1. How do 151-157, 108-114, 125-131 rank on mean C-beta neighbours within 10 Å, highest first?
2. Run the simple label-point estimate for LYS51 and THR76 please: 7 Å along Cα→C-beta, distance reported in nm.
3. Round to the nearest 0.05 the FRET efficiency obtained for SER87 and PHE169 when R0 = 45 Å and r is the Cβ-Cβ distance.
4. So, R0 is 41 Å and r is the distance between the beta-carbons of LYS129 and LYS40; what FRET efficiency does that work out to, to 0.05?
5. Find the accessible area per residue for segment 91-192; the probe is 1.4 Å, ligands and nucleic acids are left out, and the unit is Å².
6. If I model a spin label as a point 7 Å beyond the Cα along the Cα-Cβ vector, how far apart are those points for ASN97 and SER62 in nm?
7. Could you tell me, in Å, what Rg and Dmax come out for the Cα atoms of segment 21-157?
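The values are calculated or read from the model by the stated rules, or taken from the named source; none is laboratory data. Here the structure is a predicted model, which means the values were calculated and not measured. Ideal geometry is used to build each Cβ from the backbone, glycine not excepted, and the neighbour counts take in all protein chains shown. Heavy atoms of the whole protein, side chains included, go into the accessibility calculation; ligands, DNA and RNA do not. Shrake-Rupley method; radii C 1.70, N 1.55, O 1.52, S 1.80 Å.
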Amino acid sequence: MPSAEGRSFPTHRFFWLLALSLLFSGCGYNQIQSEDEKVKAAWAEVVNQYKRRADLVPNLVSVVKGYAAHEKEVLTQVTEARARAGSLAVTPELLQNEEAMRRFAAAQGELGTALNRLMAIAENYPQLKADNLFRDLQAQLEGTENRIAVARRRYIQAVQSYNTLVRTFPTNLTALFFHYSPKPTFSVENQAQLSQPPSVDFSGPAAEGVPPAPAPR
C-alpha cells in the first residue's frame, strides 16, 4: 500500500504547476508570448506581399521590353533592384536586428522606386498601355502595392504593441528574465521612402528623342 507521502506527491506537483501558471500569467509572460506571435504573423505577411511583387517583375520587364527595348537603363535598374532585394536572407533573426531590417527596407524601397519608373515609361507608349498583358500586370502590381502598405502598417502596429509591453513595468522584468528584447521596425525615414512614388518627368528634353513605339509582337 503506498505511503501517504507517495500519495501526496502528485498533489504537491499539481499545486506547484498551478502556482507557476498563475505567476507567469500575472507577470505578463503569456501576454508577451501572444504579442510576439502577432509580430511574427504580421512579418510573415509583409514578406509574402513583397515576394508577390518580386514575382511580377520578370513578366513586367518582358512586356515593357517588347515595346520599349531601348529603355535599357530603367529595365536594368528594375532587374538589378529585384536581385538585390531577393539576395537578402529573410530569417527569424531579422526581427531582432535593426541594421538588417534597415537593409531590407532600403532594398525593398529601391525596388519600389525602380518599378515606379518602369510603370511611368508606359505613358510614352500608347501601344504598351493598351496591351492587355501589361494592363493586367499593372493592375496586379497596384493591388500588391496596396497590400504591401496594409501589411507593413499592421506589422508596425504589432511591433509597437509588443515593444510597449516589454518596456513597461512590470512586464519589462519578465521580458528581461526571459530575454525578450524590443524589436526593430521600419523607421520613419524608410516608411516615407517606401510610401512615396518618385517624381518622374518625361516632358523635358530627355523625352523628346524617344523613338516611336514599335508594333506589338
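1. Details: 151-157: 18.1, 108-114: 21.7, 125-131: 16.1.
Put in order of decreasing packing, that is 108-114, 151-157, 125-131.
2. If labels sit at LYS51 and THR76, their model points lie 3.1 nm apart.
3. Details: r = 42 Å, r/R0 = 0.92.
Efficiency, rounded to the nearest 0.05: 0.60.
4. Numbers: r = 41 Å, r/R0 = 0.99.
The formula returns an efficiency of 0.50 here.
5. Numbers: 5520 Å² over 102 residues.
Result: 54 Å² of accessible area for each residue.
6. In this crude label model, ASN97 to SER62 measures out at 3.3 nm.
7. When restricted to the Cα atoms of segment 21-157, Rg and Dmax are 19.1, 68 Å.
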